[in-house]
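J.: The structure is given below, and queries will be raised subsequently.
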Amino acid sequence: MLKAIIVDDEKISREILNDYLNKYCTDVSVLALAESAAQGIEFIKKYKPDVVFLDVEMPKGNGFDLLEQLDEINFETVFVTAFDNYAIQALNYSAAYYILKPVSIDELIAAVEKIKTQRQKNLPALQTRILLENIHASGAQQQKIVLPLQDGFEVVSIADIVHCEAHDNFTDFYFVSKQKMMICRTLKFYEELLKDSGFLRVHKSHLVNLNHVVKYTRGKGGQLTMSNNAVIDVSPNKKDDLMEKFERGK
(Lines give C-alpha, C1' and ligand atoms only; values in the text may rest on other atoms or scores of the structure.)
Protein backbone atom coordinates (compact mmCIF):
# COMPACT_ATOMS: atom_id res chain seq x y z
CA MET A 1 0.00 0.00 0.00
CA LEU A 2 1.35 3.42 -1.00
CA LYS A 3 0.87 6.18 1.56
CA ALA A 4 -0.09 9.42 -0.19
CA ILE A 5 -0.66 13.13 0.44
CA ILE A 6 -2.44 15.56 -1.89
CA VAL A 7 -1.29 19.21 -1.97
CA ASP A 8 -3.51 21.59 -3.94
CA ASP A 9 -4.89 25.04 -3.08
CA GLU A 10 -8.20 24.34 -4.85
CA LYS A 11 -10.67 22.44 -2.65
CA ILE A 12 -12.56 20.88 -5.56
CA SER A 13 -9.31 19.66 -7.17
CA ARG A 14 -8.19 18.04 -3.90
CA GLU A 15 -11.51 16.29 -3.48
CA ILE A 16 -11.73 15.05 -7.08
CA LEU A 17 -8.20 13.62 -6.97
CA ASN A 18 -8.86 12.02 -3.60
CA ASP A 19 -12.06 10.48 -4.95
CA TYR A 20 -10.30 9.13 -8.06
CA LEU A 21 -7.52 7.58 -5.99
CA ASN A 22 -10.00 5.93 -3.64
CA LYS A 23 -12.03 4.51 -6.52
CA TYR A 24 -9.42 3.59 -9.11
CA CYS A 25 -6.12 3.18 -7.25
CA THR A 26 -7.05 0.92 -4.35
CA ASP A 27 -3.41 0.30 -3.40
CA VAL A 28 -3.01 4.02 -2.57
CA SER A 29 -4.03 5.26 0.87
CA VAL A 30 -4.51 9.05 1.05
CA LEU A 31 -3.47 10.18 4.53
CA ALA A 32 -4.02 13.93 4.24
CA LEU A 33 -5.16 16.75 1.94
CA ALA A 34 -3.15 19.98 2.17
CA GLU A 35 -4.44 23.33 0.93
CA SER A 36 -1.08 25.14 0.78
CA ALA A 37 2.64 24.54 0.35
CA ALA A 38 3.19 25.26 4.06
CA GLN A 39 0.57 22.72 5.12
CA GLY A 40 2.00 20.27 2.59
CA ILE A 41 5.42 20.50 4.23
CA GLU A 42 3.82 19.97 7.64
CA PHE A 43 1.98 16.83 6.47
CA ILE A 44 5.00 15.42 4.65
CA LYS A 45 7.10 15.67 7.82
CA LYS A 46 4.28 14.20 9.91
CA TYR A 47 3.15 11.29 7.73
CA LYS A 48 6.32 10.47 5.73
CA PRO A 49 4.38 9.50 2.57
CA ASP A 50 5.51 7.26 -0.27
CA VAL A 51 4.03 9.61 -2.88
CA VAL A 52 2.92 13.25 -2.93
CA PHE A 53 0.43 14.53 -5.50
CA LEU A 54 1.56 18.12 -5.84
CA ASP A 55 -0.07 21.06 -7.62
CA VAL A 56 2.55 23.01 -9.57
CA GLU A 57 0.83 26.41 -9.43
CA MET A 58 -0.26 27.67 -6.02
CA PRO A 59 -0.64 31.33 -4.95
CA LYS A 60 1.49 31.05 -1.79
CA GLY A 61 4.48 29.07 -3.07
CA ASN A 62 4.41 26.67 -6.00
CA GLY A 63 5.17 22.96 -5.91
CA PHE A 64 8.84 23.48 -6.69
CA ASP A 65 9.16 25.93 -3.80
CA LEU A 66 7.69 23.33 -1.46
CA LEU A 67 10.22 20.70 -2.48
CA GLU A 68 13.15 23.08 -2.07
CA GLN A 69 12.21 23.68 1.56
CA LEU A 70 12.60 20.01 2.47
CA ASP A 71 15.91 18.72 3.80
CA GLU A 72 15.24 15.28 2.33
CA ILE A 73 12.94 13.97 -0.36
CA ASN A 74 12.25 10.31 0.36
CA PHE A 75 9.05 10.08 -1.64
CA GLU A 76 7.92 10.04 -5.26
CA THR A 77 6.19 13.13 -6.61
CA VAL A 78 3.32 13.29 -9.08
CA PHE A 79 2.96 16.87 -10.28
CA VAL A 80 -0.52 18.09 -11.18
CA THR A 81 -0.80 21.18 -13.38
CA ALA A 82 -3.53 23.05 -15.23
CA PHE A 83 -1.09 24.53 -17.74
CA ASP A 84 0.93 22.97 -20.54
CA ASN A 85 3.70 25.52 -20.04
CA TYR A 86 7.37 25.96 -19.17
CA ALA A 87 7.03 23.52 -16.28
CA ILE A 88 6.24 20.64 -18.63
CA GLN A 89 9.66 20.79 -20.28
CA ALA A 90 11.37 20.75 -16.88
CA LEU A 91 9.25 17.79 -15.82
CA ASN A 92 10.00 15.90 -19.03
CA TYR A 93 13.75 16.51 -18.70
CA SER A 94 13.72 14.87 -15.29
CA ALA A 95 11.26 12.13 -16.34
CA ALA A 96 9.07 13.29 -13.45
CA TYR A 97 5.53 12.02 -13.20
CA TYR A 98 2.90 14.62 -14.02
CA ILE A 99 -0.78 14.86 -14.89
CA LEU A 100 -2.57 17.71 -16.62
CA LYS A 101 -5.81 19.08 -15.20
CA PRO A 102 -8.59 18.10 -15.58
CA VAL A 103 -7.16 14.84 -14.27
CA SER A 104 -7.48 11.85 -16.58
CA ILE A 105 -8.26 8.65 -14.70
CA ASP A 106 -6.15 6.63 -17.16
CA GLU A 107 -3.15 8.96 -16.68
CA LEU A 108 -3.56 8.80 -12.92
CA ILE A 109 -3.62 5.00 -12.92
CA ALA A 110 -0.58 4.92 -15.24
CA ALA A 111 1.40 7.26 -12.96
CA VAL A 112 0.60 5.15 -9.89
CA GLU A 113 1.60 1.95 -11.71
CA LYS A 114 4.95 3.48 -12.74
CA ILE A 115 5.64 4.52 -9.16
CA LYS A 116 4.78 1.05 -7.88
CA THR A 117 7.20 -0.47 -10.41
CA GLN A 118 9.90 2.03 -9.44
CA ARG A 119 9.59 1.19 -5.77
CA GLN A 120 9.44 -2.57 -6.38
CA LYS A 121 12.74 -2.33 -8.24
CA ASN A 122 14.19 -0.25 -5.38
CA LEU A 123 15.26 2.44 -7.83
CA PRO A 124 16.36 5.73 -6.25
CA ALA A 125 13.91 8.64 -6.52
CA LEU A 126 16.28 10.89 -8.47
CA GLN A 127 13.73 12.59 -10.68
CA THR A 128 12.76 15.30 -8.19
CA ARG A 129 16.38 16.11 -7.34
CA ILE A 130 17.27 16.41 -11.04
CA LEU A 131 14.21 18.59 -11.59
CA LEU A 132 15.29 21.04 -8.88
CA GLU A 133 18.86 21.11 -10.21
CA ASN A 134 17.58 21.91 -13.69
CA ILE A 135 15.38 24.75 -12.48
CA HIS A 136 18.50 26.46 -11.08
CA ALA A 137 20.82 25.63 -13.98
CA SER A 138 22.35 28.68 -15.67
CA GLY A 139 21.41 27.52 -19.16
CA ALA A 140 19.79 24.71 -21.12
CA GLN A 141 23.09 22.97 -21.87
CA GLN A 142 23.89 22.88 -18.14
CA GLN A 143 20.72 20.93 -17.42
CA LYS A 144 20.42 17.17 -17.07
CA ILE A 145 18.04 14.72 -18.65
CA VAL A 146 16.82 11.36 -17.36
CA LEU A 147 16.92 8.66 -20.05
CA PRO A 148 14.70 5.61 -19.42
CA LEU A 149 16.33 2.19 -19.71
CA GLN A 150 14.83 -1.28 -19.54
CA ASP A 151 16.20 -1.83 -16.04
CA GLY A 152 15.90 1.74 -14.75
CA PHE A 153 17.22 5.05 -16.03
CA GLU A 154 20.41 7.03 -16.50
CA VAL A 155 20.99 10.71 -15.75
CA VAL A 156 23.13 12.54 -18.32
CA SER A 157 24.16 16.14 -18.93
CA ILE A 158 22.57 17.67 -22.01
CA ALA A 159 25.95 19.19 -22.91
CA ASP A 160 27.41 15.68 -23.19
CA ILE A 161 24.95 14.58 -25.91
CA VAL A 162 26.56 14.96 -29.34
CA HIS A 163 23.75 13.67 -31.54
CA CYS A 164 20.78 11.29 -31.66
CA GLU A 165 19.72 8.88 -34.37
CA ALA A 166 16.34 7.31 -35.09
CA HIS A 167 16.24 3.52 -34.82
CA ASP A 168 12.63 2.46 -35.51
CA ASN A 169 10.74 3.30 -32.28
CA PHE A 170 14.02 3.71 -30.40
CA THR A 171 16.60 6.50 -30.35
CA ASP A 172 20.37 5.99 -30.27
CA PHE A 173 22.18 8.61 -28.17
CA TYR A 174 25.86 9.37 -28.86
CA PHE A 175 27.95 11.09 -26.19
CA VAL A 176 31.25 12.94 -25.92
CA SER A 177 32.60 9.89 -24.06
CA LYS A 178 32.07 7.86 -27.31
CA GLN A 179 29.41 5.89 -25.43
CA LYS A 180 26.26 4.89 -27.32
CA MET A 181 22.92 4.31 -25.60
CA MET A 182 19.65 3.03 -27.07
CA ILE A 183 16.56 4.60 -25.49
CA CYS A 184 12.99 3.35 -25.83
CA ARG A 185 11.53 6.62 -27.10
CA THR A 186 11.13 8.00 -30.63
CA LEU A 187 13.39 10.65 -32.12
CA LYS A 188 10.29 12.83 -32.51
CA PHE A 189 9.87 12.85 -28.72
CA TYR A 190 13.43 14.08 -28.17
CA GLU A 191 13.18 16.55 -31.04
CA GLU A 192 10.31 18.25 -29.19
CA LEU A 193 11.95 17.95 -25.79
CA LEU A 194 15.37 19.33 -26.81
CA LYS A 195 14.41 21.90 -29.45
CA ASP A 196 14.94 24.81 -27.02
CA SER A 197 18.22 23.38 -25.71
CA GLY A 198 20.46 23.88 -28.73
CA PHE A 199 19.34 20.84 -30.74
CA LEU A 200 18.07 20.72 -34.33
CA ARG A 201 16.66 17.88 -36.38
CA VAL A 202 18.68 18.12 -39.61
CA HIS A 203 17.45 14.88 -41.18
CA LYS A 204 14.55 12.49 -40.67
CA SER A 205 16.98 10.21 -38.82
CA HIS A 206 19.25 12.73 -37.09
CA LEU A 207 18.97 15.21 -34.23
CA VAL A 208 22.18 17.14 -33.47
CA ASN A 209 23.51 19.24 -30.63
CA LEU A 210 24.55 22.40 -32.48
CA ASN A 211 27.23 23.06 -29.84
CA HIS A 212 29.04 19.93 -31.07
CA VAL A 213 29.09 20.85 -34.78
CA VAL A 214 32.71 21.41 -35.86
CA LYS A 215 32.31 21.61 -39.65
CA TYR A 216 29.71 22.05 -42.37
CA THR A 217 30.45 20.73 -45.87
CA ARG A 218 28.40 22.17 -48.71
CA GLY A 219 26.21 19.99 -50.90
CA LYS A 220 22.58 19.59 -51.89
CA GLY A 221 21.79 19.51 -48.22
CA GLY A 222 25.34 19.28 -47.01
CA GLN A 223 26.98 17.34 -44.22
CA LEU A 224 27.90 18.07 -40.62
CA THR A 225 31.02 16.81 -38.91
CA MET A 226 30.45 16.45 -35.20
CA SER A 227 32.89 16.65 -32.30
CA ASN A 228 32.97 12.83 -32.11
CA ASN A 229 33.95 12.72 -35.82
CA ALA A 230 30.53 11.45 -36.90
CA VAL A 231 29.49 12.73 -40.34
CA ILE A 232 25.77 13.45 -40.59
CA ASP A 233 23.75 14.21 -43.72
CA VAL A 234 21.60 17.34 -43.76
CA SER A 235 18.29 17.08 -45.62
CA PRO A 236 17.90 19.78 -48.31
CA ASN A 237 14.69 20.98 -46.64
CA LYS A 238 16.55 21.42 -43.33
CA LYS A 239 19.50 23.35 -44.74
CA ASP A 240 17.91 26.81 -44.36
CA ASP A 241 16.95 26.06 -40.73
CA LEU A 242 20.53 25.04 -40.01
CA MET A 243 22.03 28.15 -41.64
CA GLU A 244 19.59 30.39 -39.78
CA LYS A 245 20.56 28.84 -36.45
CA PHE A 246 24.24 29.53 -37.01
CA GLU A 247 23.62 33.02 -38.34
CA ARG A 248 21.74 33.78 -35.11
CA GLY A 249 24.49 32.22 -33.02
CA LYS A 250 22.50 29.00 -32.45
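The values are calculated or read from the model by the stated rules, or taken from the named source; none is laboratory data. No experiment lies behind these values; they were computed from the predicted model shown. All Cβ positions, glycine included, derive from the backbone under ideal geometry; neighbour counts span all protein chains shown.
J.: Looking at (1) at pLDDT below 95; (2) closer than 15 Å to Phe246 by Cα; (3) surrounded by fewer than 19 Cβ atoms within 10 Å (Cβ to Cβ); (4) among the polar types (S, T, N, Q), which is the one condition that is false for Thr217?
T.: The failed condition is (1).
J.: Hey, can you tell me all the residues within the range 1-60 that are of a type in the set (Lys, Arg) and assigned to a loop (DSSP other than H, G, I, E, B)?
T.: Lys48, Lys60
J.: Can you go through Ile73, Ile44, Ile105 and tell me which one is among the β-branched types (Val, Ile, Thr), within 29 Å of Lys144 (Cβ to Cβ) and touching a helix residue (DSSP H, G or I) at 6+ places or on another chain (Cβ under 6 Å)?
T.: Ile73
J.: Then there is this: With the checklist (1) of a type outside the set (D, E, K, R); (2) assigned to a strand (DSSP E or B); (3) surrounded by fewer than 19 Cβ atoms within 10 Å (Cβ to Cβ) in hand, flag the one item Leu193 doesn't pass.
T.: All conditions are met except number (2).
J.: Is it the case that some residue within the range 226-241 is aliphatic (A, V, I, L, M), outside the structural domain of Ser94 (by TED's automatic domain parsing), in a helix (DSSP H, G or I) and free of Cβ contacts under 8 Å to residues at least 60 places away in the same chain?
T.: No, every residue in the range 226-241 fails to be aliphatic (A, V, I, L, M), outside the structural domain of Ser94 (by TED's automatic domain parsing), in a helix (DSSP H, G or I) and free of Cβ contacts under 8 Å to residues at least 60 places away in the same chain.
J.: Out of all the residues in the range 31-52, which are modelled with pLDDT of 95 or more and touching a Pro at 6+ places or on another chain (Cβ under 9 Å)?
T.: Leu31, Ala32, Phe43
J.: Sticking with this structure for a sec: More than 26 Å from Gln141 (Cα to Cα), charged (D, E, K, R) and modelled with pLDDT of 90 or more - does that describe any residue in the range 54-63?
T.: Yes.
Listed here are the residues, each with its yes/no results for (1) in a strand (DSSP E or B); (2) touching a helix residue (DSSP H, G or I) at 6+ places or on another chain (Cβ under 8 Å); (3) not assigned by TED's automatic domain parsing to the domain that holds Asp233.
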position	(1), (2), (3)
Arg129	no, no, yes
Phe153	yes, no, no
Val156	yes, no, no
Ala166	yes, yes, no
Met182	yes, no, no
Arg201	yes, yes, no
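J.: Right, something else. Write out, first by first residue and then by second, each pair whose Cβ atoms fall under 9 Å of each other, whose residues are 6+ apart or on separate chains, and whose first residue, in the range 135-153, is farther than 17 Å from Phe173 by Cβ while the second is modelled with pLDDT of 75 or more and hydroxyl-bearing (Ser, Thr, Tyr).
T.: Pairs that qualify, where the first residue is farther than 17 Å from Phe173 by Cβ and the partner is modelled with pLDDT of 75 or more and hydroxyl-bearing (Ser, Thr, Tyr), are Gly139/Ser197; Gln142/Ser157.
J.: Does Val156 satisfy the condition of being among the aliphatic types (A, V, I, L, M) and surrounded by 16 or more Cβ atoms within 10 Å (Cβ to Cβ)?
T.: Here the answer is yes, as Val156 does meet what is asked.
J.: Okay, moving on. Filter the range 1-34 for residues that are more than 20 Å from Lys116 (Cβ to Cβ), touching a Leu at 6+ places or on another chain (Cβ under 6 Å) and charged (D, E, K, R) and give the result.
T.: Within the range 1-34, just Arg14 meets the criteria.
J.: Let me ask another. Evaluate the following for Ser235: is it of a type in the set (Gly, Ala, Ser) and buried (at least 19 other Cβ atoms within 10 Å of the Cβ)?
T.: No; evaluated as a whole, the condition is false for this residue.
J.: Is it the case that some residue within the range 89-100 is among the β-branched types (Val, Ile, Thr), within 19 Å of Glu10 (Cβ to Cβ) and under 20 Å from the mean Cα position of the chain (by Cα)?
T.: yes
J.: Here is a follow-up. Which of (1) assigned to a helix (DSSP H, G or I); (2) more than 14 Å from Ile6 (Cα to Cα) does Leu67 not meet, given it meets every other one?
T.: Result: Leu67 passes all but (2).
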